[in-house]
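The values are calculated or read from the model by the stated rules, or taken from the named source; none is laboratory data. Just so it is clear, the model here is predicted, and its values are computed rather than measured. Every residue, glycine among them, receives a Cβ derived from its backbone with ideal geometry; neighbour counts consider all protein chains shown.
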Number of protein chains: 2
Amino acid sequence: MSETLAVIGEFGLIDRIDALLERAGIHVPEVSVGIGDDCAVFQPRAGYDILVTCDVMVEGRHYLPQFISPLDLGRRAMTLNISDIGAMGGVPRYALVSLGLRSDTAIEDVEAIYLGFMEELKPFDAVIIGGNLTKSEGANFVDITLIGEIAAGTSVRRSTATPGDVILVTGYPGEAAAGLRILLSGRSAHDLENNPLVQAYNRPSHRAAEGGAVARSGLASAMIDTSDGLVGDLGHICDKSGVGALLVQEKLPISPPLREAAAHFNQDPVDLVLGDSDDYELIITCPPEHADRISSLITALGRVQVNTIGEITSTPGKIQLRSVDGSSRSLSRSGWNHFAQ
Amino acid sequence: MSETLAVIGEFGLIDRIDALLERAGIHVPEVSVGIGDDCAVFQPRAGYDILVTCDVMVEGRHYLPQFISPLDLGRRAMTLNISDIGAMGGVPRYALVSLGLRSDTAIEDVEAIYLGFMEELKPFDAVIIGGNLTKSEGANFVDITLIGEIAAGTSVRRSTATPGDVILVTGYPGEAAAGLRILLSGRSAHDLENNPLVQAYNRPSHRAAEGGAVARSGLASAMIDTSDGLVGDLGHICDKSGVGALLVQEKLPISPPLREAAAHFNQDPVDLVLGDSDDYELIITCPPEHADRISSLITALGRVQVNTIGEITSTPGKIQLRSVDGSSRSLSRSGWNHFAQ
């Protein structure tokens, strides 16, 4: 039988997590007080702005424990926060983690979640400096606040796209949605472990390195990550910038596994690319003359491809898709409405 | 019928909260990006360290909705985070708020919670710069990350108490525990609205102004707030500082309402003062020669009294209580174990 939280208690768990973090042995000179006091304390670096984001994952809502290991859950929860920092162009530095846990939760699962956090933070020498553990009566939840930094004045917003800008997107949006659909179709999670779409859902990549390169170049007009799906997040750019968008269907990136899955589900792959999906890719807008340089900066990092998929228009809030035959249709921007019934 | 989250949805709620914050009209020059982008962005001030804390309140666990109004819930959730910043000596500046909400939650209740947050932040010109809303399948929860600042190098820790230091405490620890017990005893919450102990539980005060004065003085050796109860938090000082403590029974502050409630419950008031209670008072340790000056600094603020209740000893982890007759007994440090069955 696994040891549970009910057995070792809150302070016992805190000690175990402290020991885990201590073994990782990452010490950051700017942190003068880490875990174990009323607050964490760090010295901000001169010449940098501070970025802060927080995102929560609730069991049954944002993840299904039968489909994701505790290690992958930790990775994924941290990845989506790193993605938010990266989508402004910043670098993650400090994390605070709030966990709500049923008392029957196994200690080794909590430790695995933390190992997942640390695996994602390590490439940045970023550290967990605080947090909070509480008993949950219902669903477990993981709530992370991530603090990053960026050279002062260089963060890229979502509210500054301009008509005439082109729209770029990294990777293959929609793969995570297809992966989730495959998981939900009922085949055993074990059989699906190596399915690339299931991996896209359970082990998404953030694009923080790419976002950082874009921000440093000063060439982009706006940037956002695709946590609400391609059209959902392009919609956020449009709303905040007071613009519209025209997407060109044949330019949308569709990976072979996504095309295959769409055929299997008898669905148009374009709907998967455009719809709700937890991919954490980047949407970038820029003046047309900067598109090639931004693409080169991203591909030079060797991790992900980038495609120009359309342009920003002057009709506020309207997102259209132009088909191969030249006809256009308006796209609805459902996004991910957490309170829809 | 009240409008609910299911009706207006996540983005509808975000718009409502944005409008609420906009109406409050607090603009902070250091915040270049507030709510509504991937991250919030602020410029740290030269010469200041950054403090960060996070604390969560789960319905049914940390609060009972039948006993606390949404406005007071918002105040209390923010107060306990302000208390953590204040217990290091800092000033709150920026809050991020994660809410987990059932879809039948009334919008007006969510707005009232935010008004409670803002009421507590306003005296500091502190602002909400981000957050997160998600559907909860079970209990509602409020998770706040609060960022503060303090003159570089002046934060007061819990790990630096020294044998021979005296122990001071503000206010009347135990009042909140007595208030909760009164609420749980079954009388109508409405009848109890003006009960001072119920108010101590539902509308606790933080001591951030006092903590700030103590930190600026440089006279304290350690400081902590009493969120885990007087003995629980004194125990944290002892554990982190490698020391023990001797409390003197007749010096423990017992307010008349607390004494009365203890009599009513046929309980020793000293147990209420020492035990688990959500009071958010300060425990301060300092060399004996500094005690009077620290007391004066605190009472000069005119909000709360302060008492010297004992001294730090050299026996690690041992907390003793000396009775009026001169006998001593060891105190157990239960604290608040969130995972106890």
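Observations
- Candidates A:GLY179, A:GLY174, A:GLY212 - the one that is on the phi > 0 side of the Ramachandran plot and either of a type in the set (Asp, Glu) or in the same structural domain as A:THR315 (by TED's automatic domain parsing) (or both): A:GLY174
- Evaluated against (1) touching a Leu at 6+ places or on another chain (Cβ under 8 Å); (2) outside the structural domain of B:LEU258 (by TED's automatic domain parsing), B:LEU197 falls short on exactly one condition, (2).
- Residues (out of contact with any Leu (no Cβ under 8 Å at 6 or more places or on another chain) and either farther than 22 Å from B:ALA40 by Cβ or modelled with pLDDT under 95 (or both)) located in the range A:203-218: A:ARG203, A:SER205
- Condition check for A:ILE68: farther than 30 Å from A:LEU219 by Cα, touching a Ser or Thr at 6+ places or on another chain (Cβ under 8 Å) and among the aliphatic types (A, V, I, L, M): no
- Which numbered condition B:GLU119 misses (of (1) modelled with pLDDT of 95 or more; (2) out of contact with any Lys or Arg (no Cβ under 7 Å at 6 or more places or on another chain); (3) among the acidic types (Asp, Glu)): (2)
- Count of residues meeting criterion [within 23 Å of A:VAL248 (Cα to Cα) and aliphatic (A, V, I, L, M)] in the range A:167-213: 6
- None of A:GLY232, A:GLY242 is closer than 23 Å to B:ASN132 by Cβ and touching a residue at least 24 places away in the same chain (Cβ under 8 Å) except A:GLY232.
Matching residues to (1) touching a residue at least 12 places away in the same chain (Cβ under 8 Å); (2) among the hydroxyl-bearing types (Ser, Thr, Tyr):
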residue	(1), (2)
B:GLU10	yes, no
B:ALA19	no, no
B:TYR48	yes, yes
B:VAL58	yes, no
B:SER69	yes, yes
B:MET78	yes, no
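- Residues in the range A:55-79 that are in contact with a helix residue (DSSP H, G or I) (Cβ under 8 Å, 6 or more places away or on another chain) and of a type in the set (D, E, K, R): A:ASP55, A:ASP72, A:ARG75, A:ARG76.
- Close Cβ contacts (under 8 Å, 6 or more residues apart or on different chains) running from residues in the range B:291-304 that are within 14 Å of B:ALA215 (Cα to Cα) to residues that are assigned to a loop (DSSP other than H, G, I, E, B) and of a type in the set (Val, Ile, Thr) comprise B:ILE298/B:VAL304.
- Filter result for B:GLY174 (within 21 Å of the chain's Cα centre (by Cα) and either within 14 Å of chain A (Cβ to nearest Cβ) or modelled with pLDDT of 95 or more (or both)): yes
- Within the range B:70-98, considering residues that are of a type in the set (Ser, Thr, Tyr) and outside any helix (DSSP H, G or I), the one nearest to B:LEU282 (Cα to Cα): B:TYR94
- Hey, A:ILE312 touching a Ser or Thr at 6+ places or on another chain (Cβ under 6 Å) and either modelled with pLDDT of 95 or more or surrounded by fewer than 16 Cβ atoms within 10 Å (Cβ to Cβ) (or both) or not: yes
- Strands (runs of 3 or more DSSP E) contained entirely in the range A:252-341, each with at least 1 residues that are under 25 Å from the mean Cα position of the chain (by Cα) and either outside the structural domain of A:MET88 (by TED's automatic domain parsing) or small (Gly, Ala, Ser) (or both): A:282-286, A:306-313, A:319-322
- Yes/no for A:ALA112 being in a helix (DSSP H, G or I) and over 29 Å from A:HIS236 (Cβ atoms): yes
- Screening the candidates A:ASP125, A:ASP104, A:ASP84 for the property of being within 30 Å of A:THR154 (Cβ to Cβ), of a type in the set (Asp, Glu) and within 14 Å of chain B (Cβ to nearest Cβ) yields one hit, A:ASP84.
- Only residues that are farther than 22 Å from A:GLN320 by Cβ, of a type in the set (Gly, Ala, Ser) and part of a loop (DSSP other than H, G, I, E, B) were counted in the range A:170-188, giving 4.
So that you can scan it fast, the table gives a plain yes or no per residue for (1) out of contact with any helix residue (DSSP H, G or I) (no Cβ under 7 Å at 6 or more places or on another chain); (2) crowded, with 18+ Cβ neighbours inside 10 Å; (3) β-branched (Val, Ile, Thr):
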site	(1), (2), (3)
A:ILE14	yes, no, yes
A:ARG45	yes, no, no
A:ASP49	yes, yes, no
A:THR53	no, yes, yes
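- Restricting the range B:127-169 to residues that are in contact with a Phe, Trp or Tyr (Cβ under 7 Å, 6 or more places away or on another chain) and part of a strand (DSSP E or B), the residue that is surrounded by the most Cβ atoms within 10 Å (Cβ to Cβ): B:ILE147
- Every residue from the range B:46-88 that is charged (D, E, K, R) and modelled with pLDDT of 95 or more: B:ASP49, B:ASP72, B:ARG75, B:ARG76, B:ASP84
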